[in-house]
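Student: A single structure is presented below for examination.
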Amino acid sequence: MNFKPEISFSTRIRKSPFFDSTMKWGVQGFTVYNRMYMPTFYRSYVDDYWSLVKEVTLWDVAGERQVEITGNDAEKFIEYITPRDISKCKIGQCMYVLLTEKDGGIVNDPIVLKLSNNHFWLSIADSDVLLWCKGIASSNSFDVNINEPDVSPLALQGPKAPDVMNKVVGSWSKELKFFNFKETSIENIPVLIARSGWSGEVGYEIYLRDGSKGNKLWEIFMDAGMEYNIAPAAPSQINRIENGMLSYGSDMTLNENPFEINMGKFVNLDKKANFLSKEALSRIYKQGVKRELVGIEIISDPFKDFVADHLILQCNDKIVGKITSSVYSPRLKKNIGLALINKRKENINEGYSVQMSGSFAKVEICNLPFLKKNKF
Ligand code: THG
């Protein structure tokens, strides 16, 4: 028998401000992200992917909630929860950071947006950053206010995204640099527009600042995008794995530290500001890590779907790690993935395999990313 269970809807899980529009435009799958339904596909994962890499797509990513930090110690507080040096972040800039616990474990990997000197947003992945931040702030003496504002991101991604954005807000959007943003409005709807997005393609994120206007904003972009063949879509697992972008919960959790997932470049151990994970990360850096995150190719028939299990990796009959994400890439015409494995001596690539549906498939370790990004 082939059961296809559904996620049940209830009042406990939140609906995004774009929910009605996504239903109207034919959403076929949802995940739950920060206690909010978030679309996963419309026509099919592969059809949605081709629209993203060839044309332009609109995504409801309202589940990427904002944690707003204001107050005199706002910057000091953010410095405290991340090992990255954010002192160089200018107003109007975004920065990708890892939030880390006292033992160096990763709590989340948000984008920081600096709105003014005492005003920041953390645009978070799927974990309880609001609670963690409130706990840290109330057990230390930081002069900060922490809350979840009424802000919901939409993503416009794909090679024709600049044309659509140009039509909606004008030509300044073409000059907006990667990871910079501007506050503006679209037909009186307050928004913040950033050049960013979780894909290897060029794109923007539109942070809606009034949840009651979600469906109106969605239709404005759909209307403007018609002549460019815009399609509703969602964060693409295929595209993000091709481009070596990680997903919190899948490829990293509280049990991994930044060095194990090859994100040492986002750790500034000697930054000026004090931070919670300083002692632990300094020790881990000195000792070296025992695991590494690598790209893999799985030599087998094309996967039909995104693989929803952490498959166990073996090397010469010994368990050496797990595949954290894997999918068939229609562009590369092979099964690709990310894996967390025991650190190899001299980057040895022999003898790796994975057990899938009763038989073993050969696994090859490769360099990341699989594809060069087209986004800059
Ligand atoms: N957009 C917004 N919020 C988010 C995400 C997003 N919150 C959750 C999740 N995604 C956070 N994770 C990432 C991971 C990677 C990137 C952005 C958010 C990213 N990385 C760039 C890359 O890999 O090319 C470069 C980062 C850098 O070098 O600074 O963009 O997508 N609003």
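The values are calculated or read from the model by the stated rules, or taken from the named source; none is laboratory data. Source: prediction; values computed, not measured. Positions of Cβ are backbone-derived with ideal geometry, glycine not excepted, and every protein chain shown enters the neighbour counts.
Student: Out of all the residues in the range 1-26, which are among the hydrophobic types (A, V, I, L, M, F, W, C), in a loop (DSSP other than H, G, I, E, B) and more than 24 Å from S127 (Cα to Cα)?
Tutor: Going residue by residue through the range 1-26, those that are among the hydrophobic types (A, V, I, L, M, F, W, C) are 1, 3, 7, 9, 13, 18-19, 23, 25.
Restricting the remaining residues to those that are in a loop (DSSP other than H, G, I, E, B) gives 1, 3, 7, 9, 13, 18, 25.
Of everything in the range 1-26, those that are among the hydrophobic types (A, V, I, L, M, F, W, C), in a loop (DSSP other than H, G, I, E, B) and more than 24 Å from S127 (Cα to Cα) turn out to be M1, F3, W25.
Student: Another question, then. Could you tell me whether the range 292-308 includes any residue that is out of contact with any Pro (no Cβ under 6 Å at 6 or more places or on another chain), without any contact (Cβ under 8 Å) to a residue 24 or more places away in the chain, not in a helix (DSSP H, G or I) and not acidic (D, E)?
Tutor: As a first pass, look at the range 292-308 and keep what is out of contact with any Pro (no Cβ under 6 Å at 6 or more places or on another chain): 292-308.
Keeping just the survivors that are without any contact (Cβ under 8 Å) to a residue 24 or more places away in the chain gives 301, 308.
Filter once more, so that each one left must be not in a helix (DSSP H, G or I): 301, 308.
Those still in the list that are not acidic (D, E) too: 308.
Yes: the range 292-308 contains one or more residues that are out of contact with any Pro (no Cβ under 6 Å at 6 or more places or on another chain), without any contact (Cβ under 8 Å) to a residue 24 or more places away in the chain, not in a helix (DSSP H, G or I) and not acidic (D, E).
Student: Can you list the strands (runs of 3 or more DSSP E) found entirely within the range 174-233 that contain at least 1 residues being hydroxyl-bearing (S, T, Y) and modelled with pLDDT of 95 or more? Write out each step before concluding.
Tutor: On the way: elements: 181-186, 189-194, 203-208, 231-233.
In the range 174-233, the matching strands (runs of 3 or more DSSP E) lie at 181-186, 203-208.
Student: Only residues that are within 19 Å of T253 (Cα to Cα), away from the ligand (no atom under 14 Å from the Cβ) and either of a type in the set (K, R) or in contact with a strand residue (DSSP E or B) (Cβ under 7 Å, 6 or more places away or on another chain) (or both): list them for the range 110-135, please.
Tutor: Selection gives W132, C133.
Student: What's the number of the condition K362 fails, among (1) away from the ligand (no atom under 16 Å from the Cβ); (2) in a loop (DSSP other than H, G, I, E, B)?
Tutor: (2)
Student: Separate question: Conditions first: (1) surrounded by fewer than 15 Cβ atoms within 10 Å (Cβ to Cβ); (2) out of contact with any helix residue (DSSP H, G or I) (no Cβ under 9 Å at 6 or more places or on another chain); (3) not in a strand (DSSP E or B). I319 passes all but one, so which condition is the exception?
Tutor: With respect to (1) surrounded by fewer than 15 Cβ atoms within 10 Å (Cβ to Cβ); (2) out of contact with any helix residue (DSSP H, G or I) (no Cβ under 9 Å at 6 or more places or on another chain); (3) not in a strand (DSSP E or B), I319 is out only on (3).
Student: Restricting the range 111-159 to residues that are over 23 Å from the mean Cα position of the chain (by Cα) and in a loop (DSSP other than H, G, I, E, B), which is surrounded by the most Cβ atoms within 10 Å (Cβ to Cβ)?
Tutor: Taking the range 111-159 first, the residues over 23 Å from the mean Cα position of the chain (by Cα) are 116-118, 135-145.
Narrowing further to those that are in a loop (DSSP other than H, G, I, E, B): 117-118, 140-144.
On the way: N117: 10, N118: 16, N140: 12, S141: 8, F142: 19, D143: 13, V144: 24.
Result: V144.
Student: Then there is this: Pick out the one residue from P162, P190 that is touching a helix residue (DSSP H, G or I) at 6+ places or on another chain (Cβ under 9 Å) and surrounded by fewer than 19 Cβ atoms within 10 Å (Cβ to Cβ). Spell out how you get there, then give the answer.
Tutor: Details: P162 fails: surrounded by fewer than 19 Cβ atoms within 10 Å (Cβ to Cβ).
Answer to the check: P190.
Student: Output the residues belonging to the range 218-251 that are within 16 Å of the ligand (Cβ to nearest atom) and among the hydroxyl-bearing types (S, T, Y).
Tutor: The answer is S236, S247, Y248, S250.
Student: Does the range 297-309 hold any residues that are surrounded by 16 or more Cβ atoms within 10 Å (Cβ to Cβ) and either modelled with pLDDT under 90 or aliphatic (A, V, I, L, M) (or both), and which are they? Walk me through it before giving the result.
Tutor: At the first step, the residues of the range 297-309 found to be surrounded by 16 or more Cβ atoms within 10 Å (Cβ to Cβ) are 297-298, 300, 303, 306-307.
I298, F306, V307 - these are the residues of the range 297-309 that are surrounded by 16 or more Cβ atoms within 10 Å (Cβ to Cβ) and either modelled with pLDDT under 90 or aliphatic (A, V, I, L, M) (or both).
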